[in-house]
Every structure is written in C-alpha cells, then in structure tokens.
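Every number here is computed from the coordinates shown, using simple stated rules; none is lab data. Only a predicted model underlies this, so the values are computations on that prediction, with no experimental measurement involved. Methodologically, a virtual Cβ is constructed for each residue, glycine included, from the backbone with ideal geometry; neighbour enumeration extends over all protein chains shown.
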C-alpha cells in the first residue's frame, strides 16, 4: 500500500467529518474550497457532505488526515472535482515509478488517480473525465493543478461566483483523464 489512503464519507461519523472541516477552517482553507457557498461550521459541512450526489473521501497521508476530495455535478462518466489539502508534507518526498515528488503534489495525483482509475463491479471505469473550475485568484489551487498535469483549457470571465464578495470572478477550466493521470497515481 502507498503513502496515501482514502476513507469514504459513509465510513465516517458526522462528528469525524465536522472535526476534519474544523481542521480545514483552522488552516484557513475553507473559503478556497467552498468559494461559492456561505461560510459553514463543521456540523453544517457534515450535513452538506451527506447529500447523496456528493461522493466524498477523507484523504490520509501516512495514516493522518491530509485533506478532502469530493465530486459534484456528475453526468454519466464526468464529474466536477473539489479538493482541499491540510498543511502537511511540505518537506516530505515520496517515491513514484517515475521518480520522487513532493507529497503535496502526490496528494493531487492520488486524489485524481483514485477517482479516474476506480472500476465498477463489471470492470468498467466509473469516471472518464474530471472537470475542475478554479477561481483565477486561487493561485495555490492553480499551481497544484499544473503540477498534477491536468489540461488547462480556458479562462472564462465571470465563471465562478464568490459568495464572500458577491461578485463573479474569472474561472479556469481544467480537465483530467486517464491520459493525463497515470494508473500508478491511484497507488501512491
């Protein structure tokens, strides 16, 4: 098994989900991931995450929580992805089949790889494409997306609603598929 693991939301209690969200809030990253929604506490986040159409996972690095990954707006084999990392592994380097990389980059690759390379019981892939729409002002997310190798397609003016300012900001459209994300990413 690799450095990362994931726990599906159904295997976590509301209290555990709320505690992770409080870690995200304390790290100052809650508004980055919930850019278009009103601020929420851990209980409200856990309740929202329980929605049937929001598959979500707690991501662990070396058995410790390092972030969340969830999907929305699924249509067939395409879904929008959202992830947020907790401060972790800045100095950690992990090994891959192609060399070494920073653990934070591994987090991005692992989350995308686990989703894209997951199969149905009959052997088909659950998802073929993951779409990201990143606010152009979220430099950390854009940097991580670039480092994971996703495709950048366009900057669309006014694409993302910012709840905090009440204005739309430009959004960067990205996609990831099994072409960009190698199978070994799901095993990091």
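Can you tell me, using C-alpha contacts under 8 Å and at least 6 residues apart, the relative contact order of the chain as a whole percent? Write out the running numbers ahead of the final one.
Values: 357 pairs, mean separation 39.1, N = 188.
So the answer I get is 21 percent.
How would you order 106-112, 77-83, 67-73, 165-171 from highest to lowest mean count of nearby Cβ atoms within 10 Å?
Numbers: 106-112: 27.3, 77-83: 18.6, 67-73: 20.7, 165-171: 13.4.
Ranking, from highest mean packing down: 106-112, 67-73, 77-83, 165-171.
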Answer label, with Rg and Dmax of the Cα atoms in Å calculated from the coordinates and candidates (1) 43.6, 132; (2) 15.8, 46; (3) 18.7, 66: (2)
Out of 173, 59, 93, any idea which swings most in a Gaussian network model of the chain, alpha carbons joined below 10 Å? 93
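Assuming a ≥ b ≥ c are the square roots of the Cα gyration tensor eigenvalues, decide whether the range 79-161 counts as rounded (a/c under 1.5), prolate (otherwise, with a/b larger than b/c) or oblate. Please list the in-between numbers first.
Working: a/c = 2.09, a/b = 1.06, b/c = 1.96.
Oblate, since a/c reaches 1.5 and b/c is not below a/b.
Using only DSSP helix segments of four residues or longer, with each worth -39500 (n - 2.57), what per-residue ellipticity at 222 nm results for the chain after dividing by its residue count and rounding to 500?
Working: 5 runs with 49 residues, N = 188.
The per-residue figure over the chain is -7500 deg cm²/dmol.
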Could you rank the peptides 48-55, 139-146 by their average count of other C-beta atoms within 10 Å per residue, with the highest value first? 139-146, 48-55
Label point distance in nm, residue 140-residue 92, each placed 7 Å from Cα along Cα→Cβ: 1.6
